[in-house]
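Where a number appears in this text, it was derived from the coordinates with a stated rule and is not lab data. Everything numeric in this text was worked out from a predicted model, so none of it was measured. Because the Cβ atoms are built from the backbone with ideal geometry, glycine has one as well, and the counts that use them run over all protein chains shown.
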Amino acid sequence: GRDHLHVYPLNHRPMLRRPGHAEPVGLVWNGVNAGTFSVPTLVEGLEVALAEIAPGRRSLAVHSLLGHSVSDVLAIARSAGLNEGWFWVHDFASACASYHLLRNDVADCGAPPVGSAACGVCIYNDHRQFHLDEHERLFRALSLSVAAPSQAALDTWRRGAGHPAKQTVVAPLARLVPRSAAGTDAGAGEARPFRLAFPGLPSPLKGWPVFRDLVLKYEEDPRYEFLHLARDPAAGLPLTFHSVTVTEDQPQAMQGALEALKVDAVMIWSLCRETFSFTTHEAAAAGAAILTGPDSGNVAAFVESTGLGEVIANEAALFDLFETGEITRLARARRTPTLADLAYSRLTIDLLDGEDAR
C-alpha cells in the first residue's frame, strides 16, 4: 500500500564513499528498474516530482551506506522532505570499515575502542574512524531510529557504534511458527548414520574449512553422513551434494530440502557476528539441530535461547564430539523435533504500522 523508491550504489565498493567522489546511483521504483542518475539530477527530479504528488506520509529507511556517500544520502533525503527515519543494523559498517568486525579478516574483534592496541593492529584501523565519523554525521543530521534484527546485533552496535539514535528496537526478520502436533518429524526413528549438512556457499567466513576437515577425517566412519546443500558443488570432497537455490518464487527452498533429507544437524560455524541468519532459522524450522561456535553472533544467541542445537567452544571440542560419537545425541531419532514454518517480517513497514498504532 505504499510507493517505494530504492536508491542503490552502482559501485560494489565495500566501504563508504568519501566526500567529493561523485558517482551515479541506480533507482528501483516499485520493484521496476528506473535507470541510473547523477545525484544532482536525482535530487532535482525528486523535488519536482514530489511537488506534484498530494501530501502524504513519507518515510526513510537506510539499509546500508556501503558504496554510498553520506552527503549524497542527506541531499536525497532532504529533497524528499525527509528529516527522520529508520536505520537498519544488517551489518556493522556503522562501527568499522570491517563491517563483519573481523580483525585482519581473520578473527572476531568485538569492536574494541578506537585507538586501542587491539584496534591498532588491524588493517582496517585507518578507515574505521572515517566510517564512525560519517555515520555520526548522518545521525546528527537526521532523527534516526535504529532497528536491529536481533538483540545480539543491537548489543554489538551499541558497544561498537552507539550513534545518537532517537530510539532502538529489535525487529527480527523472521520467526518460527511451530506446526501442529502432526508437524512432528515422523521419520525421526529410522536407524541410519548421523546426517550433517553444510547449507549454502562454501565460504571460509561461514566455516567451510572446518566442515571440510570433518568430512575428510570421518569420510569412512559409518556413524556419519555428510551433505552439502547449495547452488553449486564444491569439488573434491567425499560427500553428497544436493542442488538448492533460493529464489523469489521459492524462498523456502533450503528449508524444504533440509526437511526432505531429514538432516540431523547443520554446521553454521560463522567466524563473524551474524546479525540474524536466515539459514539458522530455516534449519531449525526443518527440524535440524544447529552446530555453531561462540563468535557467531545471533546464531549462538538463537541456539542458547531455544536449545535447538549446541554452541561449541572451539574446533577441538567440535572434533571431540564426533570422535566420541557424543554428537549423535542430536540425531532426530533422539530428539523427535517439531517442525515449523517461517513467518517473514515486512521490515520497515512493520515499524511504520507500529508507529501508526500508537
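Quick look at the values:
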{"read-out": "Within the stretch 2-138: Cβ-based charge dipole about Cα centre, in debye rounded to nearest 20 (Lys, Arg +1; Asp, Glu -1)", "value": "80"}
{"read-out": "Proximal lysines relative to K217, as straight alpha-carbon distance under 24 Å, when same-chain residues fewer than 8 apart are discounted", "value": "K206, K262"}
{"read-out": "Evaluated at q = 0.10, 0.20, 0.22 Å⁻¹: base-10 log I(q)/I(0), Debye formula over Cα of the stretch 1-91", "value": "-0.25, -1.07, -1.31"}
{"read-out": "DSSP bridge pairs, the stretch 47-153: antiparallel proportion in percent, nearest 5", "value": "20"}
{"read-out": "Residues whose placed amide H lies under 5 Å from that of D341, excluding near-sequence neighbours", "value": "V177, R179"}
{"read-out": "Cα gyration tensor category, rounded, prolate or oblate, for the stretch 33-168 with a/c compared to 1.5", "value": "prolate"}
{"read-out": "Signed unit charges on C-beta, dipole axis of the stretch 199-348, positive-most listed residue H281, W208, I268", "value": "H281"}
{"read-out": "Calculated from backbone phi, Karplus (6.51, -1.76, 1.60) coupling profile of the stretch 46-55 in Hz, x at Gly/Pro", "value": "5, 4, 6, 5, 6, 5, 9, 9, 4, x"}
{"read-out": "Cβ charges +1 (Lys, Arg) and -1 (Asp, Glu), total dipole of the stretch 143-244, debye", "value": "540"}
{"read-out": "Gyration tensor verdict on the stretch 219-266 (Cα atoms; rounded if a/c is under 1.5, prolate if a/b is larger than b/c, oblate otherwise)", "value": "oblate"}
{"read-out": "Neighbour cut-off at most 12 other Cβ (10 Å), DSSP loop, trypsin sites (Lys or Arg not before Pro), the stretch 1-94", "value": "R2, R57"}
{"read-out": "Coordinate range along principal axes, alpha carbons of the chain, Å, largest first", "value": "68, 50, 39"}
{"read-out": "Net charge of neighbours whose Cβ lies under 12 Å from the Cβ of A316, counting Lys and Arg as +1 and Asp and Glu as -1", "value": "-4"}
{"read-out": "Check: the chain dipole with +1 on Lys, Arg Cβ and -1 on Asp, Glu Cβ, in debye", "value": "440"}
{"read-out": "Relative contact order of the chain, pairs being alpha-carbon contacts under 8 Å that are 6 or more residues apart, as %", "value": "15"}
{"read-out": "Sequence-distant residues sharing a close amide H with A174 (under 5 Å, placed H)", "value": "S345"}
{"read-out": "Amide H within-cut-off set for G200, under 5 Å, with H built and near neighbours excluded", "value": "L229, A230"}
{"read-out": "Per-residue ³J(HN,Hα) for the stretch 259-276, Karplus 6.51 cos²θ - 1.76 cosθ + 1.60, θ = phi - 60°, Hz, x for Gly and Pro", "value": "5, 5, 7, 6, 5, 6, 8, 10, 9, 10, 8, 5, 7, 10, 7, 5, 7, 9"}
{"read-out": "Alpha-carbon centroid distance for the pair the stretch 120-145 / the stretch 229-291, whole angstrom", "value": "34"}
{"read-out": "Folded to 0 to 90 degrees: helix 348-357 orientation relative to the chain principal axis, Cα", "value": "70"}
{"read-out": "Whether the stretch 119-164 is rounded, prolate or oblate, judged on the alpha carbon gyration tensor where a/c under 1.5 counts as rounded", "value": "oblate"}
{"read-out": "In Hz, Karplus ³J(HN,Hα) per residue of the stretch 158-165 (6.51, -1.76, 1.60; θ = phi - 60°; x = Gly, Pro)", "value": "4, 6, x, 10, x, 5, x, 8"}
